[in-house]
Amino acid sequence: MSRTKPLPAALQRWAEQRIGPVVSARDASRDWDRSRVWALEGGRGVHHYGAGPTLR
């Protein structure tokens, strides 16, 4: 069982520039350590965003 990863603040700020305010965020990562994907719901629907090994 994988642990839910929190949405990084930098990714939230970046996504909100594109989709507007994030209404909800769900960890949509695969069940392995390096997978970091979130389903973010904004004003225009649900979008999936991932983060690489390092956040910049």
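Considering only residues that are open to solvent by 80 Å² or more (accessible area, probe 1.4 Å) and modelled with pLDDT under 75, which ones fall in the range 30-54?
Trp32, Asp33, Arg34, Pro53, Thr54
Summed over the range 12-24, the residues that are within 13 Å of Gly50 (Cβ to Cβ) and either open to solvent by 100 Å² or more (accessible area, probe 1.4 Å) or in contact with a helix residue (DSSP H, G or I) (Cβ under 8 Å, 6 or more places away or on another chain) (or both) give a count of 1.
State which residue is modelled with the lowest pLDDT when the search covers only the range 9-29 and only residues that are among the hydrophobic types (A, V, I, L, M, F, W, C) and assigned to a loop (DSSP other than H, G, I, E, B).
Of the range 9-29, the ones among the hydrophobic types (A, V, I, L, M, F, W, C) are 9-11, 14-15, 19, 22-23, 25, 28.
Still in the running and assigned to a loop (DSSP other than H, G, I, E, B): 22-23, 28.
Values: Val22: 93, Val23: 93, Ala28: 86.
It comes out as Ala28.
The values are calculated or read from the model by the stated rules, or taken from the named source; none is laboratory data. Predicted model only: the values in this text are computed from it and were never measured. Note that each Cβ is placed from the backbone with ideal geometry, even for glycine, and that neighbours are counted across all protein chains shown. Keep in mind that these areas ignore ligands, DNA and RNA; they rest on the heavy atoms of the full protein, side chains included. Shrake-Rupley method; radii C 1.70, N 1.55, O 1.52, S 1.80 Å.
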